[in-house]
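Quick notes on the structure that follows.
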Amino acid sequence: MKTATGTSFAKIILIGEHAVVYGQPAIALPVPTIQLTATVTPRADHAQRVRSSYYTGALAAAALPFAGITQLVAQMLTHFDATTQGFDLTITSALPPERGMGSSAATATAVIRALYAAFDAPLTRAALLEWAGVSERAIHGNPSGLDAATTSATVPQWFVKGHAPEPIAFPTRGTLVIADTGVRGQTKAAVAQVAAALQADPARVTPLITGIGAAVKRAAHALATSDLVALGASLNASQQALATLGVSSPALERLITAARQAGALGAKLTGSGQGGCMIALAADGAHADRLIAALTDAGATSVWRHDFDESEGHA
Ligand code: PMV
């Protein structure tokens, strides 16, 4: 083993969360300005230690969610025939944890990249996504795989569960404002709530899920034709369905309402909801500045912006 570093990005689900678990498409984008780095440094002894803002100590002693990374690393060390190798694993992240920005998948992605580099092994995208599934399943139960697909990508992704993610072109105009409620999202609980609702009342819940899928397809068409007004309408339609599914929250609704009152073309929660972050679509940079001011006034604890022209591979 040699010293090596892996990086990954925050991700934002533009549209399609929750329905993606049931086979509907979703569109998600990496935010390269919000990065996570994992560095692995070999040690002379056999200790395996982690230093990060969520957990510091012996790798084997970590509780969930970090225990997902413990399982991942243990299986990778077996794969590399290096179970007794000592190392320090240092994780530096600009992503807020449990806010729907893919923090756990971004951690897994960077750790996998660092370990492959440390063992001088070539890493394919398919192998990376397979490995990320180890920790994501430990943390979330039944992940769609969307988070890992996006935190490991450099361009926006069209994603259908069980299929290889595909790049999707974005317009050169348009800005997303991302705002944090400051409340932790609960991915596992929110996913379980939708599953329970579906089981209890399929006649009511199935149309909400297929309705989100239909809004994702309208969003894809709007992206391809640079129609930001239609894109905003599809974001609003998906928010309506997500709120009916019970995965919005008062804090999210407050920010969504503030963004719409400030003229957002569309606004919705992003990620699993019940806390976490929301996104609002602005027509241009000046409009985004107004949305940022409105969201800050409404109590957002952090606000970021992502101009579509920062996404490589736009239409
Ligand atoms: O909250 P996040 O960023 O982990 O996103 C979860 C997205 C869901 O669609 C709710 C679940 C999934 O596995 O896709």
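The values are calculated or read from the model by the stated rules, or taken from the named source; none is laboratory data. Bear in mind the structure is a predicted one, so any value in this text is a computation, not a measurement. Neighbour counts run over all protein chains shown; Cβ positions are idealised from the backbone, glycine included.
Some observations on this one:
- Each residue in segment 180-225 was checked for being crowded, with 17+ Cβ neighbours inside 10 Å, within 28 Å of residue 139 (Cα to Cα) and of a type outside the set (Gly, Ala, Ser), and 14 pass.
- Filtered by the rule that a residue be surrounded by 24 or more Cβ atoms within 10 Å (Cβ to Cβ) and more than 12 Å from the ligand (Cβ to nearest atom), segment 253-277 gives 255, 256, 259, 264, 266, 267, 268.
- For residue 148, the stated conditions do not hold, so it cannot be described as within 19 Å of residue 305 (Cα to Cα), at pLDDT below 95, aliphatic (A, V, I, L, M) and within 14 Å of the chain's Cα centre (by Cα).
- Within segment 137-152, if we keep just the residues that are surrounded by fewer than 24 Cβ atoms within 10 Å (Cβ to Cβ) and either more than 15 Å from residue 186 (Cβ to Cβ) or not assigned by TED's automatic domain parsing to the domain that holds residue 16 (or both), the residue that is farthest from the ligand (Cβ to nearest atom) turns out to be 138.
- Among (1) in contact with a Phe, Trp or Tyr (Cβ under 9 Å, 6 or more places away or on another chain); (2) within 16 Å of the ligand (Cβ to nearest atom); (3) modelled with pLDDT of 95 or more - the single one residue 23 does not satisfy: (1)
- Of residues in segment 153-170 being of a type in the set (A, V, I, L, M, F, W, C) and surrounded by fewer than 20 Cβ atoms within 10 Å (Cβ to Cβ), the one farthest from the ligand (Cβ to nearest atom): 169
- Hits in segment 88-115 - residues which are of a type in the set (Asp, Glu) and either within 11 Å of the ligand (Cβ to nearest atom) or under 11 Å from the mean Cα position of the chain (by Cα) (or both): 98
- Condition met for residue 21 (under 21 Å from the mean Cα position of the chain (by Cα), outside any loop (DSSP other than H, G, I, E, B) and within 20 Å of residue 139 (Cα to Cα)): yes
- None of 51, 125 is away from the ligand (no atom under 16 Å from the Cβ), out of contact with any Lys or Arg (no Cβ under 6 Å at 6 or more places or on another chain) and either modelled with pLDDT of 95 or more or under 26 Å from residue 189 (Cα atoms) (or both) except 51.
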